[in-house]
1. If you check Arg67 against the conditions, is it buried (at least 18 other Cβ atoms within 10 Å of the Cβ), of a type in the set (Lys, Arg) and more than 16 Å from the chain's Cα centre (by Cα)?
2. On the basis of being surrounded by 15 or more Cβ atoms within 10 Å (Cβ to Cβ), out of contact with any Gly (no Cβ under 6 Å at 6 or more places or on another chain) and either in contact (Cβ under 8 Å) with a residue 40 or more places away in the chain or hydrophobic (A, V, I, L, M, F, W, C) (or both), does Val82 make the cut?
3. When Asp124 is evaluated against the numbered criteria (1) within 14 Å of the chain's Cα centre (by Cα); (2) assigned to a strand (DSSP E or B), which criterion, by number, is the only one it fails?
4. If you go through region 86-121 one residue at a time, how many are more than 15 Å from Cys30 (Cα to Cα), more than 13 Å from the chain's Cα centre (by Cα) and part of a loop (DSSP other than H, G, I, E, B)?
5. Those residues that are under 21 Å from Ile53 (Cα atoms) and either surrounded by fewer than 18 Cβ atoms within 10 Å (Cβ to Cβ) or among the aliphatic types (A, V, I, L, M) (or both), I need them from region 102-136; list them, please.
6. Give the number of residues within region 23-76 that are in a loop (DSSP other than H, G, I, E, B) and of a type outside the set (Ser, Thr, Tyr).
7. Mind counting the residues in region 85-101 that are out of contact with any strand residue (DSSP E or B) (no Cβ under 6 Å at 6 or more places or on another chain) and loosely packed, with under 14 Cβ neighbours inside 10 Å?
8. Only one of (1) touching a His at 6+ places or on another chain (Cβ under 8 Å); (2) modelled with pLDDT under 95; (3) part of a strand (DSSP E or B) fails for Phe146. Which number is that?
Amino acid sequence: MFNLTKTTVAAGIIAIAALGGANPAFAGQCSAAGANALANAPTMPKDVTETVIGAVDLGKEIKVDGRQLRTRRLVVQPGGIVPLHSHADRPALIVTVSGSITEYRSDCSAPIEHHAGDISREADGISHYWINQGAEPAVLLSSDVFHGK
């Protein structure tokens with residue numbers, strides 16, 4: 001049977017709390033927070049294919065009529081562009097599956113380079129665009145709460 005002193009238990013709780021409260025650095029996140037007007041942002045897509053690979057009608061599931069939870073697979077060829085768009089009222093999470101891609105974002109004054117395994121959180125009215133400046137296609141999985149059928 002264990003015979004732990006109050007001091008040992010308290011030290012363990014403090015260590016766990018310290019670890020749980022740590023703010024890890026995530027790859028692919030903004031390193032220069034600040035407003036970005038996105039001047040001269042591209043408005044037309046270039047060399048991007050998009051396939052819806054799954055969707056759930058949220059009206060039927062959780063009574064959020066007119067909304068879907070959908071996941072798309074995007075392939076952005078080298079030099080390809082996902083044009084400027086907004087995430088007002090359309091939160092999303094995007095995972096870079098392979099390749100790399102550069103994101104230009106309204107709340108970050110410097111470009112964000114996303115590599116395989118990185119995730120981008122898009123919410124609260126974020127506007128942004130993406131350009132593949134690499135030598136290989138960038139494959140992304142985008143899950144969002146979408147207005148539509």
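The values are calculated or read from the model by the stated rules, or taken from the named source; none is laboratory data. In this text, all values refer to a predicted model and were calculated from it rather than measured experimentally. Cβ coordinates were reconstructed from backbone atoms using ideal geometry, including for glycine residues, and neighbour counts include every protein chain displayed.
1. For Arg67, the condition - buried (at least 18 other Cβ atoms within 10 Å of the Cβ), of a type in the set (Lys, Arg) and more than 16 Å from the chain's Cα centre (by Cα) - is met.
2. In short, yes.
3. Asp124 satisfies all of (1) within 14 Å of the chain's Cα centre (by Cα); (2) assigned to a strand (DSSP E or B) except (2).
4. 3
5. Ala116, Gly117, Ile119, Arg121
6. Here the count works out to 24.
7. The qualifying residues number 2.
8. Result: Phe146 fails condition (1) only.
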